[in-house]
1. Which order results if A:Ile120, A:Ile174, A:Ile205 are arranged by neighbouring Cβ count within 10 Å, fewest first?
2. With springs only between Cα atoms under 10 Å apart, run a GNM on chain B and tell me which of B:Phe273, B:Phe86, B:Phe257 wobbles the most.
3. Looking down the axis that turns B into A, which residue of B has the closest beta carbon, and how many Å out?
4. Put a point 7 Å out from Cα along the line to Cβ at A:Lys227; what are the distances to that point in the other copies, in nm, shortest first?
5. Going by C-beta contacts inside 10 Å, put A:Ser31, A:Ser93 in order with the fewest on the left.
6. Arrange the peptides B:98-111, A:17-30, A:143-156 so that the one whose residues have, on average, the most other Cβ atoms within 10 Å appears first.
7. With the crude spin-label approximation of a point 7 Å out along Cα→Cβ, what separation in nm comes out for A:Trp17 versus A:Ala104?
8. For A:Ala58, enumerate residues with amide H under 5 Å from its amide H, sequence gap 5+ or separate chain, H modeled in the peptide plane.
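What follows draws every value from the coordinates through simple rules; no lab data is involved. Computed from a predicted model, the values in this text were never measured in an experiment. Cβ: placed from backbone, ideal geometry, glycine included. Neighbour counts: every protein chain shown.
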Protein chains: 2
Amino acid sequence: MKTFLGKPMASERSIDWNLLPGYRWHENGQSTFSGAPLKLYQKLDRLFLQWAGERGAAEHRFPTFIPARELDRLDYFRSFPHLVTFPVTLDPSKDNLAAFVRGAPLDDAGHLQLAASAPIADVLTPAACYHFYIQFQDERLAQPRYVTTRATCFRREDHYAPLQRQWSFSMREIVCLGTADEVKAFLAGGRATVEGFFKKIGLPIEWQNATDPFFEPARSSKYLMQKLDPVKIEMVFNGDLAIGSVNFHRNYFGEAFRITRAGADAYSGCIAFGVERWIFAFLTHFGTDEAGWPVLT
Amino acid sequence: MKTFLGKPMASERSIDWNLLPGYRWHENGQSTFSGAPLKLYQKLDRLFLQWAGERGAAEHRFPTFIPARELDRLDYFRSFPHLVTFPVTLDPSKDNLAAFVRGAPLDDAGHLQLAASAPIADVLTPAACYHFYIQFQDERLAQPRYVTTRATCFRREDHYAPLQRQWSFSMREIVCLGTADEVKAFLAGGRATVEGFFKKIGLPIEWQNATDPFFEPARSSKYLMQKLDPVKIEMVFNGDLAIGSVNFHRNYFGEAFRITRAGADAYSGCIAFGVERWIFAFLTHFGTDEAGWPVLT
């Protein structure tokens, strides 16, 4: 579970993303990659996977939809109603489909006029690591568990910007479930690895405390708790773009999903990397010419 | 653009998917992979990518959502209203979000009670290759173009079955745009490669003509055209599961998206692989023990 700062963004070099070979920005808040930008995407994710491997994290590949019932255990819909995207299908009765087809499915503005929809019971993945807590629910862990996944995540925002703020984006996470000490040691080790890497390649990153983007934060007890006792530290590029974060969840997910470790609710934490934002930081700082990029190992 | 047969499915060996290590089936029609099944997933896709590379196909990574306006050019909503999944978000006004939060977002059946939704202008990718025709619209091709992508595709069905019929699944496609002869040569070469591979590893596959799953096919002129002049040939495992297909689109997409080649609407064709269905065929035919799997190169 990670967030990124909501401030407007500046860049060191001003790149015209529409002219970058192998990159395409879509007005609906998404990116297409091929050529050199795709190679950079793949190299970055291989680097994250290497770091995951160093911590013994087993890779998983999760699907797009998460049952709403599972997220409801986290009170997700009251905390982040502004961010969620729901997968909706049409009521499958012949009559309803025929009514949809007979009408004009699309109006002049390009908006769809749905007929009756089927019951909605799922959401599009909002954060990669949720899948793990759901999958491991009711487990009693005999040792700490280290896992990793890259998932396409979905967050509706009021504006989008190429690579920086997208409706759908790629999130790599390395997750640990264990005792408080096991999770803290994992996070400290992970942060040291990433910090060393930034130093080695010379990418200017500041580490800053942050909070999740709650709906009506002033009314949210969870937000207030995060303010009082910071659990999220972001890797902030250029003073305004969080390209990743280190998150200590305490026993929040362990309790919600009844995962135990050493006789108590499991603690958990994750190190999260926003792949598109890493690409943004790389291209902005090192330039769009591959020859100027640091070696990624 | 590819379809799979709508018949009920049998299997050679009856595998209890709930007991297969590294595999997890979700009731909402999706799969999670880790361990050996994930390795098989990755090896299969590397094989498809190798075949794509042999045809000089450049890799692309596309996002999840496609603007409805683009698919409407294909009369998609009238042809396949029963298959589509729409990404829906809440109307972002404070009052509307507050109303959603105040209500019970989830009822006892696990269904979400949405408040007012924001305008719906996109769909979740129904077939990987659509992205290419949209991206290349209005282009005049000086030579045939070969491209490949793997995309998560979404099709609502009236029932789901592990790896065989999923709401979301992985589709690798190798696509050619060019003259009719260029596309036919590409499809013939691709089919020969795949056919040789099936023979080499001993996977029982029959090639069968098929049609796309149109809504009310008897009333669809496009369906009737496909019946009269077959353009889709499926790789059918075990007599009932299409694990891939070879598709000749004629100049259908070239015309709809104004892509030209040699002074006329471009022709196009694709070779499509359903990754989860390949995994099903492999595990069913060669067993769940890795040691029994053929080498995938």
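1. Sorted ascending by nearby Cβ count, the order is A:Ile120, A:Ile205, A:Ile174.
2. B:Phe86
3. Looking at chain B's Cβ atoms against the axis toward A, the nearest is B:Val88, 2.
4. When each copy's label point is compared with this one, the spacings are 6.7 nm.
5. Numbers: A:Ser31 25, A:Ser93 12.
Exposure proxy ranking, most exposed first: A:Ser93, A:Ser31.
6. Values: B:98-111: 14.3, A:17-30: 16.2, A:143-156: 21.4.
Top of the packing list down: A:143-156, A:17-30, B:98-111.
7. Once both label points are built, they end up 3.2 nm from each other.
8. A:Tyr146, A:Val147, A:Thr148
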